[in-house]
Amino acid sequence: MPDRLTISLWLKVWDDDRTLEAFYNLLKIFPYSKTKPGVQTVTVQPLEWGEPPAFEQHFAIGASPEECLEAVRQFQNADCAYQALVYWDVGAVPLPVTIIAYGPDFEGRDDEQGHIDLDIGMDDPYRASRENIVPIVFLMAELPKRLPLRKRVLWAESGEDVSELLTRSVQ
């Protein structure tokens with residue numbers, strides 16, 4: 001049964017300035033797809049998911065992290081979430097990844113949940129071959145080197161142990 005995978009990150013200090021800074025730095029280190037580089041869409045979600053977006057911009061060609069930061073900076077607030085749609089290559093296929101950085105006052109978020117989530121999609125493509133888990137391994141290794149993190153977790157929506165799931169894929 002396919003399972004959705006997410007990487008959750010906890011910042012050492014969680015406030016609206018550091019949330020936006022971490023979002024920008026994550027966009028700088030993200031291993032973008034060669035065929036769909038850059039940020040495709042950036043969205044600012046105020047207050048909670050039930051509200052309409054305060055801002056959304058689609059980029060015909062992928063935007064740089066600097067362009068994204070410039071686009072969302074005017075909406076910086078502790079009760080906003082910043083969302084970017086990007087792609088990375090899994091095997092020879094570009095797959096979407098949604099990056100969401102939550103302000104500390106965004107409805108439904110607290111210190112028990114991740115401050116930043118990367119929805120990397122369903123697990124099927126990653127289980128197809130050993131090479132397909134390389135983007136996950138690379139990113140999980142790079143994150144603590146480049147971001148002030150307290151914690152990082154790769155988890156499956158079903159609650160299944162992701163390490164076991166991925167181990168089965170490389171055997």
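The values are calculated or read from the model by the stated rules, or taken from the named source; none is laboratory data. Treat the numbers as computed from the prediction; the structure is a model and nothing was measured. Using ideal geometry, Cβ is built from the backbone for each residue, glycine included, and neighbour counts are taken over all protein chains shown. In case anyone asks, the SASA skips ligands and DNA or RNA and just uses the protein heavy atoms, side chains included. Shrake-Rupley method; radii C 1.70, N 1.55, O 1.52, S 1.80 Å.
Of note:
- Segment 88-108, residues that are open to solvent by 30 Å² or more (accessible area, probe 1.4 Å) and touching a residue at least 24 places away in the same chain (Cβ under 8 Å): Asp89, Gly91, Val93, Pro94, Leu95, Pro96, Pro104, Asp105, Glu107, Gly108
- Restricting Asp111, Asp89, Asp124 to residues that are out of contact with any Asp or Glu (no Cβ under 6 Å at 6 or more places or on another chain), at pLDDT 95 or above and among the acidic types (Asp, Glu) narrows the list to Asp89.
- Any hit, segment 51-70, residues being open to solvent by less than 70 Å² (accessible area, probe 1.4 Å), assigned to a loop (DSSP other than H, G, I, E, B), closer than 21 Å to Glu157 by Cα and not polar (S, T, N, Q): no
- From the list Ala60, Ala71, Ala78, Ala54, the one residue that fits, being without any contact (Cβ under 8 Å) to a residue 60 or more places away in the chain and within 16 Å of Gly103 (Cβ to Cβ), is Ala54.
- Residue within segment 15-25 that is closer than 14 Å to Ala78 by Cα, in contact with a strand residue (DSSP E or B) (Cβ under 9 Å, 6 or more places away or on another chain) and of a type in the set (Lys, Arg) present: yes
- Criterion: β-branched (Val, Ile, Thr) and open to solvent by 30 Å² or more (accessible area, probe 1.4 Å) - qualifying residue of Thr35, Thr6, Thr43: Thr35
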